[in-house]
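Scroll down for the structure; my scribbles are underneath it.
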Amino acid sequence: MIDENESTTHFGAREVREDEKAGLVQDVFSSVASRYDVMNDLMSGGIHRLWKDAMMDWLAPRGHQRLLDVAGGTGDIALRFLKRAPEASAIVLDMTESMLNEGRKRTQGTRLSDRVEWVAGDAMSLPFPNSDFDVCTISFGIRNVTRTGDALAEAFRVLRPGGRLMVLEFSRVTVPILQGIYDLYSFNVIPRMGQAVTGDRDSYQYLVESIRRFPDQDSFAEMIRDAGFEQVRYRNLSMGIAALHSGWKI
């Protein structure tokens with residue numbers, strides 16, 4: 001039972017104590033780590049790859065940029081970034097060690113292995129000095145953070161002046177007729193798929209519930225501005241199923 005004086009947050013459809021959420025999220029991703037990338041392809045029909053490519057197109061990696069990929073999991077975004085900017089470097093930060101281990105396996109024996117570092121850490125308390133990175137990305141991870149504002153403030157802190165934040169996250173569908181179809185698929189197909197592929201239905205039930213609890217495009221853009229970012233813009237992907245948010249530290 002939650003005491004009325006305790007700070008709470010959402011974990012999918014449930015209300016939990018703030019100090020519980022990180023552990024619950026870590027359990028989710030520890031459970032599905034070995035099949036995480038496979039499930040992403042199955043759930044989205046591979047469309048998540050197009051969304052991530054769109055992220056790279058808008059981000060336009062270049063030169064000797066230093067990237068911090070927060071909640072970076074198995075490194076999808078960081079590796080795309082490094083392939084587009086051959087002289088860049090990246091740190092992938094995630095709170096779940098088993099996800100990082102899967103990422104390390106992907107780069108073993110490749111030319112990218114010496115350009116990417118894997119760090120276990122918390123998005124709300126980044127273990128890096130001020131003004132240390134040119135770019136900070138968060139892909140499908142910000143909605144899992146206990147206090148979103150704290151994570152955005154930390155991203156602002158570690159970016160250099162002129163640095164850029166870009167967030168890719170599930171968002172609100174912009175075509176009403178699509179909403180019913182999307183809900184039917186999300187709540188009826190995805191958890192069953194998760195059970196079949198990973199043996200874990202509950203983690204994917206949490207996934208679809210957490211998407212519905214995340215702020216809409218305009219509300220999240222305002223949160224990014226509140227963290228200090230300027231020139232905040234967003235682009236809808238696949239009619240708002242996902243959205244890209246961009247902001248600059250001026």
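Structure notes:
- Set of aspartates and glutamates near residue 52 by C-alpha distance (under 17 Å), chain-local residues within fewer than 8 positions excluded: 37, 41, 69, 76, 169
- Eigenvalues of the alpha-carbon gyration tensor of the chain, scaled by 5 and square-rooted, set the equivalent ellipsoid semi-axes at 26, 21, 20 angstrom, largest first.
- Debye log10 I(q)/I(0) at q = 0.19, 0.27, 0.32 Å⁻¹ for region 21-62, Cα point scatterers: -0.73, -0.84, -0.94
- For residue 94, net neighbour charge (Lys/Arg +1, Asp/Glu -1) across residues whose Cβ lies under 11 Å away: -4
- Annotation: peptides 244-250, 119-125, ranked by per-residue average of other Cβ atoms within 10 Å with the highest first, follow the order 244-250, 119-125.
- Each Lys and Arg adds +1 at its Cβ and each Asp and Glu adds -1 at its Cβ; summed about the Cα centre, region 8-248 shows a dipole of about 660 debye.
- The relative contact order of the chain, computed from alpha carbon pairs under 8 Å that lie at least 6 residues apart in sequence, is 19 percent.
- Between residue 183 and residue 160, the simple label model (points 7 Å from Cα in the Cβ direction) yields a spacing of 4.8 nm.
- Extreme residue, positive dipole direction of region 83-128, given options 109, 91, 121 (C-beta unit charges): 109
Each value in this text was obtained by applying a stated rule to the coordinates, not by laboratory testing. Computed from a predicted model, the values in this text were never measured in an experiment. Every residue, glycine as well, gets a Cβ built from its backbone with ideal geometry; the counts of neighbours run over all protein chains shown.
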